[in-house]
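Notes to accompany the following structure.
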Number of protein chains: 2
Amino acid sequence: MKVAKFGGTSLANAEQIRKVCSIITADPERRLVVVSAPGKRFKDDIKVTDLLIKCAEKYIECGKADEEMEAVVARYAEIAKEMNIGDEIVDIIKKDLCERLSGDISNKAKFMDLLKAAGEDNSAKLVAQYLKSIGVEARYINPKDAGLFLSDEFGNARVLPQSYENLKALKDMDGILIFPGFFGYSLQGDVVTFPRGGSDITGSILAAAIGADMYENFTDVDSVFVANPNIVRNPKPISVVTYREMRELSYSGFSVLHEETLEPVYRRGIPVCIKNTNNPSAPGTMIVPERKSKNGPVVGISCDNGFCTIFVSKYMMNREIGFGRRLLQILEDEKLSYEHVPSGIDSISVILKEKQLNAEIEERILKRIKNELEVDDVSIERGLSLVMLVGESMMRTVGIASRATGAFAKAGVNIEVINQGSSEVSMMFGVRAEDADKSVRALYEEFFGGE
Amino acid sequence: MKVAKFGGTSLANAEQIRKVCSIITADPERRLVVVSAPGKRFKDDIKVTDLLIKCAEKYIECGKADEEMEAVVARYAEIAKEMNIGDEIVDIIKKDLCERLSGDISNKAKFMDLLKAAGEDNSAKLVAQYLKSIGVEARYINPKDAGLFLSDEFGNARVLPQSYENLKALKDMDGILIFPGFFGYSLQGDVVTFPRGGSDITGSILAAAIGADMYENFTDVDSVFVANPNIVRNPKPISVVTYREMRELSYSGFSVLHEETLEPVYRRGIPVCIKNTNNPSAPGTMIVPERKSKNGPVVGISCDNGFCTIFVSKYMMNREIGFGRRLLQILEDEKLSYEHVPSGIDSISVILKEKQLNAEIEERILKRIKNELEVDDVSIERGLSLVMLVGESMMRTVGIASRATGAFAKAGVNIEVINQGSSEVSMMFGVRAEDADKSVRALYEEFFGGE
């Protein structure tokens with residue numbers, strides 16, 4: 001039994017949904033299907049989820065949002081009409097939206113989640129309806145009925161352990177099950193959503209729960225590429241990649257899979273296949289626990305922008321036991337998460353996402369570091385990009401660091417930070433933002449033999 | 001006015017002490033002199049400080065240590081005899097040792113400090129006596145009388161701020177002042193010593209206190225070398241090095257200067273000169289606040305052995321705010337200090353000196369990390385060496401990392417850890433202990449053009 005998940009562009013219109021349904025019915029193992037909300041039909045289109053966010057915001061502001069709700073309904077109605085599945089489903093969707101809008105707006109995050117989840121939920125109802133209309137035994141599954149319970153962190157939920165036991169029952173149900181992605185329910189019965197892109201997580205949880213043979217993730221590209229196609233022209237595809245490699249890649253800039261997606265399948269050792277809805281016969285990218293094929297030590301190059309460095313120096317810092325811990329405590333008090341902490345004997349840097357800092361937080365932490373840690377100097381430098389070289393066998397291959405740093409030198413890029421040695425999967429280079437693309441291209445040239 | 005400090009080999013016998021005295025009298029600016037305890041006269045000789053440690057240990061164990069005490073007295077007596085300064089000074093030294101041995105042994109660390117300090121203290125008395133005997137106006141200065149007060153951390157003391165004010169008065173005293181290195185007094189009046197090699201610190205504190213024009217540190221080498229002469233044959237000398245560069249070098253394996261030596265002169269911007277007692281006309285190595293001469297970006301290569309890595313991995317570690325801080329807290333609870341904390345997205349490593357760990361501490365921290373942080377995996381790997389490339393302009397020079405990693409690759413050395421980016425002065429490479437010497441030689445070859 002396979003779990004198949006389809007992303008937003010695969011559900012953007014009737015034509016795409018027909019492709020999805022023919023993919024589903026082409027393999028009898030594809031019995032548990034996770035769907036996203038309808039995505040963009042064309043470049044400047046608006047995703048249904050974004051329409052829903054607008055709708056929710058307008059409602060909170062004005063107490064009504066008729067126009068915005070109508071825009072959402074119109075998207076579904078257009079699809080339903082083109083698929084000849086009648087008006088009944090549109091009425092169901094409209095009624096559902098009205099009910100959601102009449103929810104409690106006193107907790108804004110909770111209300112937003114309730115509205116946002118409508119995209120996937122109604123998408124699932126629509127797909128089930130279409131399959132039934134063409135004579136396929138299919139049904140919509142409500143996540144609450146199925147027992148997908150999440151922590152009550154609105155917009156940022158985590159699955160609760162009992163969900164896996166609950167969801168196991170899906171395995172024994174007949175027909176094709178259409179499950180909405182992106183959300184579940186808190187133990188209090190509220191709709192809660194995963195971080196955005198979370199339909200991938202739903203699919204991963206279901207695959208783990210039923211012990212699927214494979215988790216197929218259908219998107220709009222033939223495969224994952226070794227580097228960002230917006231930076232490198234026609235990059236090579238990745239045919240096989242390990243969980244750990246994929247996690248590093250998706251964490252640090254690869255947007256194909258949301259970074260937390262893999263945890264449930266990782267824990268169960270279930271292989272994942274990234275495939276293209278528009279070209280289902282292409283082999284795609286397989287994500288597996290262990291990789292035997294030897295495609296060279298580097299599997300991918302990623303890049304993530306928008307980091308800053310808090311640089312702290314104090315003569316004799318290394319003599320002070322607890323200095324680093326107290327510095328991290330100050331960041332923790334401000335709920336800041338950091339990426340790396342390179343250190344010298346008299347200095348320590350903390351690299352973190354700069355969007356976490358606003359002027360107020362920045363002023364507060366700089367003041368605390370100065371006063372409480374009695375440092376000689378503390379400053380923040382913005383505009384750092386992190387370029388990652390990813391590959392499991394890299395660390396046991398002499399000369400990778402040399403080839404990588406040689407590529408930077410050849411491109412005339414000064415490396416501000418190097419962090420290698422903890423992760424066995426990646427090597428990190430911090431460069432100025434303006435050098436980021438150049439760096440990715442230089443590494444691609446070095447490790448994948450030219451564009 | 002200059003402060004001149006002479007190390008143990010410069011005071012090992014009468015011949016050496018004569019050299020010291022002729023150096024002192026050759027420059028009228030050399031008015032404040034710091035001396036160590038007599039060091040080794042030949043390869044397998046025992047330093048007076050080590051004789052004193054033996055003596056103290058024997059006394060604690062047996063309640064007497066006549067033979068050990070006699071061995072110490074014999075060293076001074078031999079010197080006094082060869083210098084024709086009479087028996088009186090030997091009686092003074094013998095009486096001093098007897099008095100120290102009758103001290104309180106209930107606090108072992110305190111007793112050890114009292115005994116250890118006798119080496120420098122009597123060395124100073126002897127040198128002063130000799131200078132007087134040849135008609136030079138000189139006198140022994142007692143650190144308590146001069147007001148050198150230290151924290152009461154026996155064997156690991158730090159100077160107390162009021163000492164600087166007290167010591168200023170030395171500037172106005174007549175004649176040549178012979179000051180014993182290595183120890184001072186707690187505010188309770190107990191003798192306390194600096195970490196070993198601490199005579200350098202005494203000299204540095206005195207130079208800062210009197211605002212000396214220069215702090216001359218006399219030892220037994222013509223200069224500091226760019227790499228360890230035991231590893232690289234005939235390494236090039238360093239003519240000028242900055243405080244920050246020297247501190248990195250001495251912290252990470254250069255044994256010429258004790259790593260904390262420079263702080264007091266650093267704070268006052270006083271230049272330091274490392275010179276050779278046996279070849280005082282050689283220019284030596286100057287340590288200065290700023291370096292203008294351009295000798296290439298790398299000034300030295302150091303290497304320190306005996307590190308271990310605590311490797312911790314946990315899936316989704318990066319999602320847990322406070323993880324790193326809690327890990328460092330566990331180490332802090334055990335009073336462990338660490339050097340570097342490289343991190344990946346699911347893993348973090350802590351690099352620390354392995355001698356800090358015994359089986360008991362190791363078991364306890366591994367257990368705590370496992371239980372309290374609920375990690376997937378935690379392990380300790382020993383036998384790591386840290387090779388440092390040091391130089392102030394390195395970080396602004398494109399291609400240094402490339403040349404360095406290229407040298408490792410050429411030597412067939414796998415780099416386990418790279419830490420670059422916080423210190424603006426150094427670049428750190430972690431390698432297996434068995435690759436350490438090979439790495440230093442490869443870097444020397446690359447940056448200093450062959451042995």
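Would you be able to tell me the number of residues in segment B:74-105 that are within 24 Å of B:Val191 (Cα to Cα) and crowded, with 20+ Cβ neighbours inside 10 Å?
8
Considering only segment B:57-107, state which residues are more than 23 Å from B:Asn13 (Cα to Cα) and touching a Leu at 6+ places or on another chain (Cβ under 6 Å).
Residues satisfying the conditions are B:Tyr59, B:Arg100, B:Gly103.
Which residues, taken from segment A:102-122, are more than 26 Å from the chain's Cα centre (by Cα) and either of a type in the set (D, E, K, R) or in a helix (DSSP H, G or I) (or both)? Spell out the reasoning first.
Looking only at segment A:102-122, we keep the residues that are more than 26 Å from the chain's Cα centre (by Cα), and these are A:102-106.
A:Asp104 - this is the single residue of segment A:102-122 that is more than 26 Å from the chain's Cα centre (by Cα) and either of a type in the set (D, E, K, R) or in a helix (DSSP H, G or I) (or both).
Starting from residues that are of a type in the set (Lys, Arg) and under 14 Å from A:Ala212 (Cβ atoms), keep the ones in segment A:245-288 and report whichever is nearest to the other protein chains (Cβ to nearest Cβ).
Only one residue tops the list, namely A:Arg267.
Please count how many residues of segment A:1-40 are without any contact (Cβ under 8 Å) to a residue 40 or more places away in the chain and within 21 Å of the chain's Cα centre (by Cα).
The total comes to 3.
Conditions (1) small (Gly, Ala, Ser); (2) farther than 28 Å from B:Ala109 by Cα; (3) touching an Asp or Glu at 6+ places or on another chain (Cβ under 8 Å), marked per residue:
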site	(1), (2), (3)
B:Ala12	yes, no, yes
B:Cys21	no, yes, no
B:Asp27	no, yes, no
B:Val35	no, no, yes
B:Val72	no, no, no
B:Ile79	no, yes, no
B:Asp87	no, yes, no
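Output the number of residues of segment B:221-235 satisfying the condition of being among the charged types (D, E, K, R) and closer than 12 Å to B:Gly284 by Cβ.
1
On the basis of being surrounded by fewer than 21 Cβ atoms within 10 Å (Cβ to Cβ) and more than 27 Å from B:Gly391 (Cα to Cα), does B:Ala359 make the cut?
Details: surrounded by fewer than 21 Cβ atoms within 10 Å (Cβ to Cβ): yes; more than 27 Å from B:Gly391 (Cα to Cα): yes.
Against the criterion (surrounded by fewer than 21 Cβ atoms within 10 Å (Cβ to Cβ) and more than 27 Å from B:Gly391 (Cα to Cα)), B:Ala359 qualifies.
Counting only residues that are part of a strand (DSSP E or B) and of a type in the set (Phe, Trp, Tyr), which one in segment A:292-351 is farthest from the other protein chains (Cβ to nearest Cβ)?
So, considering only residues that are part of a strand (DSSP E or B) and of a type in the set (Phe, Trp, Tyr), the one farthest from the other protein chains (Cβ to nearest Cβ) is A:Phe307.
Which numbered condition in (1) touching a helix residue (DSSP H, G or I) at 6+ places or on another chain (Cβ under 7 Å); (2) at pLDDT below 95 is the only one that A:Cys62 fails?
(1)
For residues in segment A:394-412 being more than 7 Å from every other protein chain (Cβ to nearest Cβ) and within 27 Å of B:Ser393 (Cβ to Cβ), which is surrounded by the most Cβ atoms within 10 Å (Cβ to Cβ)?
Only one residue tops the list, namely A:Ala404.
I'd like to know if segment B:261-284 contains one or more residues that are surrounded by 23 or more Cβ atoms within 10 Å (Cβ to Cβ), within 20 Å of B:Phe194 (Cα to Cα), touching a residue at least 40 places away in the same chain (Cβ under 8 Å) and not hydrophobic (A, V, I, L, M, F, W, C).
yes
Going through A:Leu443, A:Leu389 one at a time, which residue ends up being within 26 Å of A:Ile287 (Cα to Cα) and either small (Gly, Ala, Ser) or in contact with a Ser or Thr (Cβ under 7 Å, 6 or more places away or on another chain) (or both)?
From the options A:Leu443, A:Leu389, the qualifying one is A:Leu389.
For segment B:423-449, enumerate the residues that are facing another protein chain (nearest Cβ under 7 Å) and within 23 Å of A:Met394 (Cβ to Cβ).
Once the filter is applied, which keeps residues that are facing another protein chain (nearest Cβ under 7 Å) and within 23 Å of A:Met394 (Cβ to Cβ), segment B:423-449 yields only B:Gly430.
Before we move on, is A:Lys292 of a type in the set (D, E, K, R) and more than 29 Å from B:Arg326 (Cα to Cα)?
Yes, satisfied.
Quick test for you: out of A:Lys43, A:Lys47, pick the one residue that is at pLDDT below 95 and more than 17 Å from A:Glu99 (Cα to Cα). Spell out the reasoning first.
On the way: A:Lys47 fails: at pLDDT below 95.
The unique qualifying residue is A:Lys43.
Name the residue, out of A:Glu137, A:Glu216, that is more than 21 Å from A:Ile287 (Cα to Cα) and in contact with a strand residue (DSSP E or B) (Cβ under 7 Å, 6 or more places away or on another chain).
Result: A:Glu137 is the single residue among A:Glu137, A:Glu216 that is more than 21 Å from A:Ile287 (Cα to Cα) and in contact with a strand residue (DSSP E or B) (Cβ under 7 Å, 6 or more places away or on another chain).
A:Glu374: within 12 Å of another protein chain (Cβ to nearest Cβ) and either within 30 Å of A:Ile330 (Cβ to Cβ) or within 25 Å of the chain's Cα centre (by Cα) (or both), yes or no?
So A:Glu374 does not fit the description; no.
Pairs under 8 Å by beta carbon, first residue at positive phi in segment B:199-215, partner in a helix (DSSP H, G or I) and of a type outside the set (Gly, Ala, Ser), six or more apart or different chains?
From segment B:199-215, the pairs are B:Gly211/B:Lys171; B:Gly211/B:Arg268.
Can you pull out the residues in segment B:387-419 that are part of a helix (DSSP H, G or I) and of a type in the set (A, V, I, L, M)?
Once the filter is applied, which keeps residues that are part of a helix (DSSP H, G or I) and of a type in the set (A, V, I, L, M), segment B:387-419 yields B:Met394, B:Met395, B:Ile400, B:Ala401, B:Ala404, B:Ala407, B:Ala409.
Return the only residue of B:Glu381, B:Glu334, B:Glu320 being among the acidic types (Asp, Glu) and either in contact with a strand residue (DSSP E or B) (Cβ under 8 Å, 6 or more places away or on another chain) or buried (at least 18 other Cβ atoms within 10 Å of the Cβ) (or both).
Of B:Glu381, B:Glu334, B:Glu320, the one residue that is among the acidic types (Asp, Glu) and either in contact with a strand residue (DSSP E or B) (Cβ under 8 Å, 6 or more places away or on another chain) or buried (at least 18 other Cβ atoms within 10 Å of the Cβ) (or both) is B:Glu381.
Which one is nearest to B:Gly306 (Cα to Cα) among residues in segment B:213-234 that are buried (at least 22 other Cβ atoms within 10 Å of the Cβ) and touching a helix residue (DSSP H, G or I) at 6+ places or on another chain (Cβ under 8 Å)?
Among those residues, the one meeting the criterion is B:Ala227.
With A:Ala14, A:Ala56, A:Ala4, A:Ala37 as the choices, which residue is surrounded by fewer than 23 Cβ atoms within 10 Å (Cβ to Cβ) and either assigned by TED's automatic domain parsing to the domain that holds A:Ala118 or within 18 Å of A:Thr277 (Cβ to Cβ) (or both)?
On the way: A:Ala56 fails: surrounded by fewer than 23 Cβ atoms within 10 Å (Cβ to Cβ); A:Ala4 fails: surrounded by fewer than 23 Cβ atoms within 10 Å (Cβ to Cβ); A:Ala37 fails: surrounded by fewer than 23 Cβ atoms within 10 Å (Cβ to Cβ).
Of A:Ala14, A:Ala56, A:Ala4, A:Ala37, the one residue that is surrounded by fewer than 23 Cβ atoms within 10 Å (Cβ to Cβ) and either assigned by TED's automatic domain parsing to the domain that holds A:Ala118 or within 18 Å of A:Thr277 (Cβ to Cβ) (or both) is A:Ala14.
The values are calculated or read from the model by the stated rules, or taken from the named source; none is laboratory data. Quick caveat: nothing in here was measured; it's all calculated off a predicted structure. FYI the Cβ positions are ideal-geometry reconstructions off the backbone, even for glycines, and counts take in every protein chain you see.
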